[in-house]
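K.L.:
What follows is a structure written as structure tokens; I'll ask about it next.
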Amino acid sequence: MIFLLLATSLISCDGRNRAYKSNQDILRESNLLSAFSEQVKFVPEQHIEINTDTILNNGFEIKIKYNSTKNNIVLKTIKTKNDTIIKVYYKNFEANLQVFKNGNQINKSIIDKKVFKEFETPSFWANAIMQFIWIDHYASNENMLYLNTSFCLPNTDRCKDFTLEINKQGVIKITEKQLLANSI
């Protein structure tokens, strides 16, 4: 008798009640839908570090360690057509800068978005990512070293470009580049 009751109970648990339900409905009933409809991405996926050591014929030597940061991220949440939520964590970047003139260190600083806060609103800087930093070889001369950098909002065309002008005493002056589109 017990065997018959056990067999009957096992046969009735064959999943017929779920046969005509969608996968989403089944996951929703089990409170698992949010776990399967959320994706997490990191940009970049791995730590990035680029070291540059440049000696110019005008007496300037520049060492740049450009790297992604661990603790400074920008989160963008995207909801797709099929209700999947994608959380993208964009890692910020910073540049550790050392500048030498004729063998003497004249500047050691960290270049990140905090340095540029007076040029834009706090909401821009909360979401902006440093794109890169590079030496402007053509503009640099005997008395001045010029670096360029750019900050952009992820997945938009909104960017801010800057020039860092470093004199032979190591003083940095920052100016925003105004890039205008050409119209014909």
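The values are calculated or read from the model by the stated rules, or taken from the named source; none is laboratory data. These numbers come from a predicted model, not from an experiment. Note that we place each Cβ from the backbone using ideal geometry, even for glycine, and neighbour counts take in every protein chain shown. SASA here: full protein model, heavy atoms, side chains in, ligands and nucleic acids out. Shrake-Rupley method; radii C 1.70, N 1.55, O 1.52, S 1.80 Å.
K.L.:
Suppose we filter LYS160, LYS101, LYS173 for residues that are more than 17 Å from THR54 (Cβ to Cβ), in contact with an Asp or Glu (Cβ under 9 Å, 6 or more places away or on another chain) and surrounded by 11 or more Cβ atoms within 10 Å (Cβ to Cβ); which single one remains?
P.N.:
Matching residue, one of LYS160, LYS101, LYS173: LYS160.
K.L.:
Right, next: If you check ASN51, ASN72, which single one turns out to be more than 30 Å from HIS137 (Cα to Cα), open to solvent by 50 Å² or more (accessible area, probe 1.4 Å) and not in a loop (DSSP other than H, G, I, E, B)?
P.N.:
The conditions single out ASN72.
K.L.:
Follow-up question, since we're still on this one. For SER140, state whether it is closer than 30 Å to ASN58 by Cα and in contact with a Cys (Cβ under 6 Å, 6 or more places away or on another chain).
P.N.:
When the stated conditions are applied, SER140 does not pass them.
K.L.:
Can you pull out every residue in the stretch 54-66 that is outside any strand (DSSP E or B) and either open to solvent by 70 Å² or more (accessible area, probe 1.4 Å) or out of contact with any strand residue (DSSP E or B) (no Cβ under 9 Å at 6 or more places or on another chain) (or both)?
P.N.:
Of everything in the stretch 54-66, just one residue is outside any strand (DSSP E or B) and either open to solvent by 70 Å² or more (accessible area, probe 1.4 Å) or out of contact with any strand residue (DSSP E or B) (no Cβ under 9 Å at 6 or more places or on another chain) (or both), namely ASN57.
K.L.:
Another one. Does the stretch 126-151 hold any residues that are open to solvent by 20 Å² or more (accessible area, probe 1.4 Å) and either among the aromatic types (Phe, Trp, Tyr) or part of a strand (DSSP E or B) (or both), and which are they?
P.N.:
GLN131, PHE132, ILE133, TRP134, ILE135, TYR138, MET144, TYR146
K.L.:
List the number of the failed condition for GLU118; all other conditions in (1) without any contact (Cβ under 8 Å) to a residue 24 or more places away in the chain; (2) among the acidic types (Asp, Glu); (3) part of a strand (DSSP E or B) hold.
P.N.:
Of (1) without any contact (Cβ under 8 Å) to a residue 24 or more places away in the chain; (2) among the acidic types (Asp, Glu); (3) part of a strand (DSSP E or B), only one is false for GLU118: (3).
K.L.:
For LYS108, all conditions in the list (1) under 24 Å from ILE50 (Cα atoms); (2) basic (Lys, Arg); (3) open to solvent by less than 90 Å² (accessible area, probe 1.4 Å) hold save one; what is the number of the exception?
P.N.:
(3)
K.L.:
Sticking with this one: So, in the stretch 75-88, exactly how many residues are assigned to a strand (DSSP E or B) and open to solvent by 50 Å² or more (accessible area, probe 1.4 Å)?
P.N.:
Looking only at that region, the number is 7.
K.L.:
Same structure again: Kindly indicate whether THR121 is within 25 Å of the chain's Cα centre (by Cα), at pLDDT 95 or above and among the polar types (S, T, N, Q).
P.N.:
Considered against the rule, which asks whether it is within 25 Å of the chain's Cα centre (by Cα), at pLDDT 95 or above and among the polar types (S, T, N, Q), THR121 comes out as no.
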